[in-house]
1. Using the charge dipole of region 197-386 (Lys, Arg: +1 at Cβ; Asp, Glu: -1 at Cβ; taken about the Cα centre), state which of Val312, Leu356, Gly259 has its Cα farthest towards the positive end.
2. Please find, in a Gaussian network model of the chain (springs between Cα atoms separated by less than 10 Å), the residue of Ala103, Ala299, Ala194 whose mean-square fluctuation is greatest.
3. Counting Lys and Arg as +1 and Asp and Glu as -1, each charge on the Cβ, what is the dipole of the chain about the Cα centre in debye, to the nearest 20?
4. Report the one residue of Cys369, Ile301, Gly9 whose Cα lies farthest in the direction of the positive end of the charge dipole of the chain (charges on C-beta: Lys and Arg +1, Asp and Glu -1; origin at the Cα centre).
5. Dipole of region 2-148 (Lys/Arg Cβ +1, Asp/Glu Cβ -1, origin at the Cα centre): which of Ile18, Cys31, Ser48 lies farthest to the positive side?
6. Roughly what would the spin-label model give for Ser84 and Glu396, points 7 Å off Cα along C-beta, in nm?
7. In whole Hz, with x marking every Gly and Pro, tabulate ³J(HN,Hα) for region 195-209 from phi via Karplus 6.51 cos²θ - 1.76 cosθ + 1.60, θ = phi - 60°.
8. For region 2-148, what percent of Cα pairs sit more than 25 Å apart?
Amino acid sequence: MKVLVINCGSSSLKYRMIETDTKEVICKGLCERIGIGGGHFKYDVTGSDKGFEKDVEFPDHNTAVDTLIKAVTDPDTGVVSDVSEIGAVGHRLVHGGDKFTEATYITPDVMTVIEECSSLAPLHNPANIQGIRACRKVMPETPMVGVFDTAFHQTLPEKAYLYGIPYEYYEKYGIRKFGFHGMSHEYVARETAAIMGKDIKDLKTIVCHLGNGASITAVKGGKSVDTSMGYTPLDGIIMGTRCGSLDPEIVHAMADKTGGSMEDVMQVLNFKSGLFGLSGNISSDMRDIEEAYESGNEAAIRAFDTYIYSIVKYIGSYLAVLGGADAITFTAGIGENSPFVRKHICSYLEGLGVRLDAEANEKGRGARCISADGSAIKVYTIPTDEEMSIALSTVEVVNRHNV
Ligand code: ADP
């Protein structure tokens, strides 16, 4: 089935068309600067020079979807002759609260519930909803499926998702751990089982999704049992610009000492902290931090060491939660591309019998085992593919719906 995957932000729309039978990406692209002027459209067709890019004004998400549908159906540039060849649209949705435990066929009733979840992700869900509406307009007959970032973590047991605050805050206001990057963790856990030749039901793995945003998940038998992000994506390990978990009194102290408002403090914790803040504003980008580290820059070394330490603590706690693990898998921008980060994390784990294969870690490419023979826990790096994960879930839901 040809699935169009849509990832809609407030001012951008990323898309990808995937033939799910062969897992082939047919075309992909991006609509940038929606609703803010100076829009730009990118369209790539795999193995062909039919693709193009051009400046287009996108007053709203409808124009963005119109432009991409025109490109994919156009006799000169298209990859399908008619929209009816697109079997389904899979929408990436950030927050499904505790209402959605899996990818879901979008009906008018489901739309209402997605809208109700908007207060949990005010920056993301409204844009996601506009994407669905815009696609509905041009493809009224095409099945639409919502795939939620939070759904994979709905298997967390109560003891993992509750915070140590009065229970009524959970009951009345729904304050609990949700976890994020679910599609990536699920996809990478499945791929880890595949590369190990194991049934996922028998696998205990710790997935380290290390990108700008980053989270770590303990996966047992294919289900998320704990994850480092929390009620929001601010919690957990230290990230590019986010602080990760900290003593909540610090929020109060920061406001008090700077005379700033709660909003000001939250801005600092979200956008000026993490590697960026710890390094004295060198960069939130790991490549810059590594370069500065190698040249002996003390601020970069401090930021890097603190970052690694925060990751190791989560891995340690998830080893305890899982009662040991068969595998630790690294993914996302840093996890896939930084042998330096992987080496530093794994050197902490040597006492637990983890042994990296230095050559596989440094020189290999793509999905692979990077631990040495005899390592007590196998270590992998596996490229994440959230769009593929969305496309495959979409087909599953559509097929189930049609039965
Ligand atoms: P997000 O999707 O959360 O924006 P990504 O998964 O794209 O983030 O990861 C971005 C991070 O990956 C950046 O910190 C970037 O420096 C890092 N990264 C990308 N390539 C490399 C590399 N070769 N070495 C080290 N870090 C890298």
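Quick note: the coordinates plus some simple rules give every number you see, no bench work behind them. Source: prediction; values computed, not measured. Note that we place each Cβ from the backbone using ideal geometry, even for glycine, and neighbour counts take in every protein chain shown.
1. Leu356
2. Fluctuation is largest for Ala194.
3. The dipole magnitude comes to about 560 debye.
4. Of the candidates, Cys369 comes out farthest on the positive side.
5. Farthest towards the positive end: Cys31.
6. 3.0 nm
7. Result, rounded to whole Hz: 5, 7, x, 10, 6, 4, 5, 9, 9, 10, 9, 10, 9, 9, 8.
8. 26 percent
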